[in-house]
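The values are calculated or read from the model by the stated rules, or taken from the named source; none is laboratory data. Everything numeric here is computed off the predicted structure, so don't read it as measured data. A quick note on method: Cβ atoms are made from the backbone with ideal geometry, for glycine too, and the neighbour counts reach across all protein chains shown. These accessible areas exclude ligands, DNA and RNA; they are computed on the full protein's heavy atoms, side chains included. Shrake-Rupley method; radii C 1.70, N 1.55, O 1.52, S 1.80 Å.
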Amino acid sequence: MRRFLWVLPVVLVAFVVACAGGANGAATRTRGPAATSTPVPEGTPFTAEAAPALLDAVVLKPADLPRPALGWKLAADASQDNAAANTEPTVAASNTRCGRLLARTTTAQPADVTGRYVAGETVSFFSAVTVYATSRGAADCAAQAAAAYQRDPSTLIKAFGSLFMDPAAVKVTPVNFPTIGDGSAAFNLAGKVQTGGFTVDITLLVVAFRLGAVSAVVGSAASVAPSTDELVPLVGLVLRRIAVAEGR
């Protein structure tokens with residue numbers, strides 16, 4: 001069986017984080033394991049020139065992942081500027097209004113993907129991070145997408161593009177996870193995907209959150225519901241990195 005490639009669309013991050021606030025009612029800051037309550041001054045916005053270095057410092061890489069002996073490697077590493085993100089006029093208008101700067105997604109897999117899949121162990125860790133010029137702008141786009149989720153919850157699944165074979169059959173289940181940052185939520189998304197000519201079941205554990213001007217999604221994938229305990233330290237790591245980048 002060929003290796004699984006969980007290449008998640010970079011565009012999903014802002015939407016999933018927005019759904020976090022709408023689904024969990026976590027729009028107000030609740031201090032989590034590594035969160036902080038010091039706001040980023042709106043008078044010192046991020047710039048497009050600073051965004052690539054910030055994202056590089058925040059996203060998950062193989063060296064961050066548990067059990068290095070498993071041979072974690074990047075299966076995908078993609079950035080998306082506004083030219084690529086602005087696929088339609090309404091999206092372009094929102095990104096301009098909110099001051100979206102840049103997004104980056106990394107997806108890592110172990111050396112033995114098939115063996116771990118059969119054993120029900122994690123076959124992928126991923127992170128997707130979007131930086132805005134200001135925290136006000138990030139919150140603006142989050143609120144807009146949260147409203148879209150409230151009108152139609154299936155838009156959460158659609159945010160994953162063509163990953164799932166039948167988006168209508170994907171089961172979304174809220175997951176109990178510590179609330180962090182300026183709003184967060186966790187979901188399991190279970191459905192079928194096609195890889196290497198095979199149709200297989202996959203469950204994603206997705207933890208979405210926002211801290212100041214940065215929105216993030218950290219997650220894992222397995223043939224069964226992934227362990228939240230395994231993901232907690234990785235979520236905390238990304239959160240701490242965002243806090244450092246924002247000078248908290």
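Projecting each Cα onto the charge dipole of segment 59-124 (Lys/Arg +1, Asp/Glu -1 at the beta carbon, about the Cα centre), which of PRO68, THR122, LEU101 comes out farthest on the positive side?
Sorting the options by dipole projection puts first LEU101.
How many angstrom separate the Cα center of segment 209-248 from the Cα center of segment 114-138?
Rounded to whole Å, the Cα centres lie 8 Å apart.
With all protein chains present, how much of the accessible area of segment 152-240 (probe radius 1.4 Å) comes from carbon and sulfur, to the nearest whole percent?
Using a 1.4 Å probe with all protein chains present, segment 152-240 comes out at 55 percent carbon and sulfur.
For a paramagnetic label modelled at 7 Å from the Cα of THR195 toward its Cβ, which residues of segment 69-96 fall within the zone defined by backbone nitrogen distances under 18 Å?
Hits in segment 69-96 for THR195 at 18 Å: 70-78.
Would segment 112-248 count as rounded, prolate or oblate if I go by the C-alpha gyration tensor, calling it rounded below 1.5 in a/c and otherwise prolate when a/b exceeds b/c, oblate otherwise?
The shape class here is oblate.
Sort 112-119, 80-87, 100-107 for me by packing, meaning the mean count of neighbouring Cβ atoms within 10 Å per residue, highest on top.
So the order, starting with the most tightly packed, is 100-107, 112-119, 80-87.
Can you give me the solvent accessible area of LEU65 with a 1.4 Å probe, rounded to the nearest 10 Å²?
Only protein atoms counted, so the area is about 10 Å².
Which of the aspartates and glutamates could a cross-linker span from LYS171 if the Cα-Cα distance has to be under 18 Å and same-chain partners fewer than 8 positions apart are dropped?
Within the straight-line cut-off, LYS171 pairs with ASP152, ASP201.
Using only the Cα atoms of segment 66-129, build the gyration tensor, take square roots of its eigenvalues as a ≥ b ≥ c, and label the shape rounded, prolate or oblate: rounded if a/c is under 1.5, else prolate if a/b is larger than b/c, else oblate.
The shape class here is prolate.
Can you spot the lysines whose alpha carbon is less than 27 Å from LYS61's alpha carbon? Ignore those fewer than 8 places along the same chain.
List returned: LYS73, LYS158, LYS192.
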